[in-house]
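Only one structure is covered here, and it is reproduced in the block below.
The values are calculated or read from the model by the stated rules, or taken from the named source; none is laboratory data. Only a predicted model underlies this, so the values are computations on that prediction, with no experimental measurement involved. Note that each Cβ is placed from the backbone with ideal geometry, even for glycine, and that neighbours are counted across all protein chains shown. Keep in mind that these areas ignore ligands, DNA and RNA; they rest on the heavy atoms of the full protein, side chains included. Shrake-Rupley method; radii C 1.70, N 1.55, O 1.52, S 1.80 Å.
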Amino acid sequence: MTSHLELRDISVSFNGFKAINGLNMSVRKGELRCLIGPNGAGKTTALDIICGKVKPSGGTVSFDGTALQDLEEYEIARAGVGRKFQVPSVFRELSVSENLEVARARRTSVFGNLRWNIGNSGRPDVERLAELVGLTEQLDRPAAYLSHGQTQWLEIGMLVAQDAELILMDEPTAGMTAQETRKTAELFARLKGKHTLIVVEHDMGFVKAIGDIISVMHMGQMLAEGTAAEVEAHPEVRRAYLGSGGISHA
Ligand SMILES: Nc1ncnc2c1ncn2[C@@H]1O[C@H](COP(=O)(O)OP(=O)(O)OP(=O)(O)O)[C@@H](O)[C@H]1O
């Protein structure tokens, strides 16, 4: 099967330091890929490259056959790539439904949200989006009053409302309670298949709960890929995590 997203021989330097050094990664359409690795491995930078926040000094990023590496951030967003940052970018003074409306208005597809059969008919669409991300009871609440977990779900709902085909997330469960983390795993299971997801995570319990294939980065390169059992047993992965409490404390 041809890949949906393909990073080939990507390099990035910051002031002469090679943060990414010959990175390769292929992700299939509809896949939920977890990206793990010790601190400083280059995971966040890899997401920054895909969404255009950081430009590679070498290599190519291909998404659905389109070369992204030379496009501007807004052009990459328009091509269907959505990024969720660690600090959510919701409008705190607007209600949940207003935030979802704003995101729907930013949608690039003229056919409505085909992935979820969410069309152009107004509030019922917003209600369906809120249901998807578990915020039905909060529809009329200002985003400022949401819990930390609810705010993360709202931002994910906004990416769905924009019809982002590829959703990139950096540590989405950081700061969440155990119950919120569980609900997030359930949400990701619903999104998988309809969207392609790349999730950078340190919580191995969460990674095991959601991921099919796990990619392990180390020193700006791809060290290993496989199931949780495969990467945990991989000698080089074990070596990379030496001194950091092991992969379970990634
Ligand atoms: N804007 C920048 N300027 C200089 N160095 C940077 C910049 N961004 C990242 N780096 C360096 O590049 C390397 C990779 O950073 P990155 O944040 O991608 O790693 P990470 O795997 O996401 O780490 P963590 O798990 O700690 O978030 C690190 O050594 C980091 O200090």
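Of all residues in the stretch 138-197, those that are of a type in the set (A, V, I, L, M) and within 16 Å of the ligand (Cβ to nearest atom) total 3.
Is at least one residue of the stretch 77-96 near the ligand (Cβ under 10 Å from one of its atoms) and open to solvent by 10 Å² or more (accessible area, probe 1.4 Å)? Yes, the stretch 77-96 has at least one match.
Inclusion of Asn21 among residues that are open to solvent by 30 Å² or more (accessible area, probe 1.4 Å), in contact with a Ser or Thr (Cβ under 8 Å, 6 or more places away or on another chain) and not assigned by TED's automatic domain parsing to the domain that holds Met222 is warranted. With respect to the conditions (1) surrounded by fewer than 22 Cβ atoms within 10 Å (Cβ to Cβ); (2) touching a residue at least 24 places away in the same chain (Cβ under 8 Å), Ser26 falls short on a single one, namely (2). Of the residues examined, Gln150 is one that is among the polar types (S, T, N, Q), open to solvent by 10 Å² or more (accessible area, probe 1.4 Å), part of a helix (DSSP H, G or I) and within 15 Å of Ala130 (Cβ to Cβ).
Between Ala224, Ala161, Ala228, which is touching a strand residue (DSSP E or B) at 6+ places or on another chain (Cβ under 8 Å) and under 23 Å from Ile118 (Cβ atoms)?
Being touching a strand residue (DSSP E or B) at 6+ places or on another chain (Cβ under 8 Å) and under 23 Å from Ile118 (Cβ atoms) holds for just one of Ala224, Ala161, Ala228, which is Ala161.
Of all residues in the stretch 54-107, those satisfying the criterion of being free of Cβ contacts under 8 Å to residues at least 24 places away in the same chain, assigned to a helix (DSSP H, G or I) and either assigned by TED's automatic domain parsing to the domain that holds His148 or aliphatic (A, V, I, L, M) (or both) are Glu98, Ala105.
Can you pull out every residue in the stretch 52-70 that is of a type outside the set (A, V, I, L, M), open to solvent by 10 Å² or more (accessible area, probe 1.4 Å) and within 16 Å of Val27 (Cα to Cα)? Hits for the stretch 52-70 are Thr60, Ser62, Asp64, Gly65, Thr66. Does Ala229 qualify as being among the small types (Gly, Ala, Ser), under 17 Å from Thr44 (Cα atoms) and open to solvent by 40 Å² or more (accessible area, probe 1.4 Å)? So Ala229 fails the test. Just one of the numbered conditions (1) touching a Lys or Arg at 6+ places or on another chain (Cβ under 8 Å); (2) in a loop (DSSP other than H, G, I, E, B); (3) assigned by TED's automatic domain parsing to the domain that holds Ser95 is not true of Ile156: (2). Considering (1) of a type in the set (Gly, Ala, Ser); (2) within 16 Å of the ligand (Cβ to nearest atom); (3) under 16 Å from the mean Cα position of the chain (by Cα), the lone condition that Ala240 does not fulfil carries the number (3). For the stretch 54-69, the candidate set comprises residues that are in contact with a helix residue (DSSP H, G or I) (Cβ under 9 Å, 6 or more places away or on another chain) and within 16 Å of the ligand (Cβ to nearest atom); within that set, the residue that is nearest to Ile167 (Cα to Cα) is Val61.
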